[in-house]
Amino acid sequence: MKIICIGRNYAEHAKELNNPVPAKPVVFMKPATALLINNKPFYFPEFTKDLHYELEIVLRIVKNGRHVQPEFAAGYYEEIGLGIDFTARDLQDQCKAKGHPWEIAKAFDNSAVLAPVFIDKSKLDTRNIRFELQKNGETVQSGDTGDLLFTFEDIIVYVSQFFKLQTGDLIYTGTPAGVGPVQIGDLLEGYIYLANGPEKLLHCNVK
Ligand code: ZN
């Protein structure tokens, strides 16, 4: 399986990092070894001094396909999940300044936190999913998929031109504004809003 990630998919987040709003999706990948599942703790890596959380809606691909046409794209995912795209912002800034790839800043071990429970998409309006990250009980990110620059379907169409989608692949669809640093001892909790209120899907202790 592979983990496909979209960068700068919310205009307010692109602005907060002084990045231009992209005309096409910004795509990068993480290897399977980046996955951190079952709400296990995250151990702060020694190679960074500026580790950031990025809460994201995650799609799990349910069938194989390449060159997916727009009218079929919605059929490639059935459930909506939550994840954190942990980013070593100091390393990423160095990579960006040199025009180098981002992998050491984005694709390191355990950098892709994935909530254990997914929500069936029939329970959500996928164009208007509200989601939220709390750090130590305080809301730090609040997103709505209505603000996506590229919808879930746009992403599937775009990335499948380059990469064959396979069952079990994950797509991290980008983070809203409010990214920030984490420290040892922090508790991160991710929520999705269902019809009857917020549901906590994810928690992550930083150790
Ligand atoms: Zn991200």
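The values are calculated or read from the model by the stated rules, or taken from the named source; none is laboratory data. All values derive from a computational prediction rather than experimental measurement. No Cβ is skipped: glycine too gets one built from the backbone with ideal geometry, and neighbour counts run over all protein chains shown.
May I ask you to verify whether Asp109 is more than 16 Å from the ligand (Cβ to nearest atom) and acidic (Asp, Glu)?
Numbers: more than 16 Å from the ligand (Cβ to nearest atom): yes; acidic (Asp, Glu): yes.
Here the answer is yes, as Asp109 does meet what is asked.
Remark: pairs (first residue in region 124-139, free of Cβ contacts under 8 Å to residues at least 12 places away in the same chain; second residue surrounded by fewer than 19 Cβ atoms within 10 Å (Cβ to Cβ) and in a loop (DSSP other than H, G, I, E, B); Cβ separation under 6 Å; 6+ apart in sequence or on different chains) are absent.
Restricting to region 128-148, name every residue that is in contact with a helix residue (DSSP H, G or I) (Cβ under 6 Å, 6 or more places away or on another chain) and either at pLDDT below 95 or buried (at least 18 other Cβ atoms within 10 Å of the Cβ) (or both).
Ile129
Could you say whether any residue in region 32-48 is at pLDDT 95 or above, away from the ligand (no atom under 14 Å from the Cβ) and among the basic types (Lys, Arg)? Taking every residue of region 32-48 in turn, at least one turns out to be at pLDDT 95 or above, away from the ligand (no atom under 14 Å from the Cβ) and among the basic types (Lys, Arg). Of all the numbered requirements in (1) more than 16 Å from the ligand (Cβ to nearest atom); (2) closer than 22 Å to Ile119 by Cα, Leu82 misses one, and that requirement is (1). The set of residues in region 13-34 that are over 12 Å from Trp102 (Cβ atoms) and out of contact with any helix residue (DSSP H, G or I) (no Cβ under 8 Å at 6 or more places or on another chain) comprises His13, Ala14, Lys15, Glu16, Leu17, Asn18, Asn19, Ala23, Pro31, Ala32, Thr33, Ala34.
Of the residues that sit in region 112-127 and are of a type in the set (A, V, I, L, M, F, W, C) and part of a strand (DSSP E or B), which one is surrounded by the most Cβ atoms within 10 Å (Cβ to Cβ)?
The first filter runs over region 112-127 and keeps only residues of a type in the set (A, V, I, L, M, F, W, C), leaving 112-115, 117-119, 124.
Subsequent filtering for residues that are part of a strand (DSSP E or B) retains 112-114, 119.
Working: Ala112: 26, Val113: 28, Leu114: 22, Ile119: 17.
Selected residue: Val113.
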